[in-house]
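Okay, so here's the structure we're looking at.
The values are calculated or read from the model by the stated rules, or taken from the named source; none is laboratory data. Please read all numbers here as calculations on a predicted model, not as lab measurements. Virtual Cβ from ideal backbone geometry, glycine too; neighbours counted across all protein chains shown.
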Amino acid sequence: MSESVSLNQKAWKRLKRNKSAMFGLWVIALAFFVAIFAYQLTPDSTPDANEQILELETHPPGFSVYILKVMKSADFDDHRGFFENFFFGKPSLYESVPILKYRMKKDFMWATVYKGMNFPTEEKKFQYTDIIKATQVKSKFNLYPISKIYSDTALYNQYQQGLHDIIYKTRIVKKTYWLGTDRFGRDILSRLIIGVRVSLFVGLISVIISLIIGVSLGAFAGYFRGWVDEVILWVINVFWAIPTLLLAMGLYVGAGNLIQSKLLLIFVAVGLTMWVEVARIVRGQFMGIRELEYVTAAQSLGFSNMRTIFRHILPNLLGPIIVVACANFANAILVESGLSYIGLGIQPPAPSWGGMLSEYRDFIDSNKAFLALAPGIAIMILVLAFNLVGNGLRDALDVKGKVE
């Protein structure tokens, strides 16, 4: 006798056969992985990937240069905890100086500093103790006072060699900017990686807000009908008539004095623009399901309306709700990008794909089009992934006419 297979298992099998949907699912999974471990994956792990090296302004993809890490002032310290550094980045303890070549002599390093593509180089002198703390090598010479080290030629040479080795191994690194740099000399790849957090976070919270409002209002309208349905349907039609981006702009600007957090404003603005589609779908489903026998049986047993709605009818609508949630997730990413593009989204220096598009839209017809292409392609791929998964789920959950 063959083993019985649940409807969910059958739907999963159908989804796995849809190659485009599985591709979208892998892209989404990768995006969430990158969002969680963003600062462990990004080349620039400073907060908001905001390390500015002005000499490296708008350099092309694949550009490489040696970076000399010069120690910042002695009173600069990082008091952030592990989790704060993990999720929000760690401030750099060093100032990055791009160099082409260098030489060591006595207590100094002479470096040829890179000033930019159209500027002459400059030779600059750095004292070893400006680059590295002397205590890092002095631990090897604890038996000797500093005066003894400087008076003994052999010890002094060993001491200088120790400084030289540490500088060479830890303070001079070759850095490649795979997607180039922006006008402030920041790594575009790093800001692109951090920016995926904004898109996914706004999409996730906005979808949750839209589901709470849309499912509740749609369920009440479809179940109770009558004047409740008429009032809710009137509200739906009013919101439906307003363009999504315009409504988000109005809510964002209108609530600005009530909600101080710009990020929370975006959640509210985007979430309140997407509940209409959810409410219409849930309302239509409820109107058909409330006439079925099991709903009538629940009412005959004296179950409350809330129990009938949320425990007996709503679980049977998870399929259509999940499908519309995927579509709304893609729409939320586009709306957030649009708000950031016009300056009403995430504010600099925090990276946002829409903000990056807006900042470099003037370069799109120049040889520096890569500045705008990178975030534009990222938005396109992520939105496409959610749409592919939504279409795949719609086909997998629609069992009408399916033959296994």
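Is there a residue in region 53-70 that is at pLDDT below 85 and assigned by TED's automatic domain parsing to the domain that holds Tyr177?
So the first thing to find is which residues in region 53-70 are at pLDDT below 85, and the list is none.
Checked against the condition, which is being at pLDDT below 85 and assigned by TED's automatic domain parsing to the domain that holds Tyr177, region 53-70 yields no hits at all.
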* Asked: How about region 1-45: which of its residues are surrounded by fewer than 15 Cβ atoms within 10 Å (Cβ to Cβ), assigned to a helix (DSSP H, G or I) and modelled with pLDDT under 85?
  -> Leu7, Asn8, Gln9, Trp12
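Can you give me the ranges of the helices (runs of 4 or more DSSP H) entirely in region 195-296 with at least 3 residues that are of a type outside the set (Ser, Thr, Tyr) and in contact (Cβ under 8 Å) with a residue 60 or more places away in the chain?
On the way: elements: 226-240, 244-254, 262-289.
Passing ranges, in order: 244-254, 262-289.
Out of Glu51, Glu55, which single residue is touching a Pro at 6+ places or on another chain (Cβ under 6 Å), touching a residue at least 24 places away in the same chain (Cβ under 8 Å) and closer than 18 Å to Leu371 by Cβ? Break it down stepwise before answering.
Working: Glu51 fails: touching a Pro at 6+ places or on another chain (Cβ under 6 Å).
Residue meeting the stated conditions: Glu55.
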* Asked: When region 354-377 is examined, which residues are found to be more than 17 Å from Thr181 (Cβ to Cβ) and surrounded by 17 or more Cβ atoms within 10 Å (Cβ to Cβ)?
  -> Gly354, Ser358, Gly376
* Asked: In region 155-174, how many are part of a helix (DSSP H, G or I) and surrounded by 14 or more Cβ atoms within 10 Å (Cβ to Cβ)?
  -> 11
* Asked: If you go through region 282-301, how many residues are surrounded by 18 or more Cβ atoms within 10 Å (Cβ to Cβ) and modelled with pLDDT of 85 or more?
  -> 4
* Asked: Do we find that Leu258 is surrounded by fewer than 13 Cβ atoms within 10 Å (Cβ to Cβ), under 28 Å from the mean Cα position of the chain (by Cα), assigned by TED's automatic domain parsing to the domain that holds Phe310 and modelled with pLDDT under 90 in this structure?
  -> yes
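Residues Leu301, Leu292, Leu318: which one is within 23 Å of Ser210 (Cβ to Cβ) and of a type in the set (A, V, I, L, M)? Explain how you work it out, then say what you get.
Working: Leu301 fails: within 23 Å of Ser210 (Cβ to Cβ); Leu292 fails: within 23 Å of Ser210 (Cβ to Cβ).
Result: Leu318 is the single residue among Leu301, Leu292, Leu318 that is within 23 Å of Ser210 (Cβ to Cβ) and of a type in the set (A, V, I, L, M).
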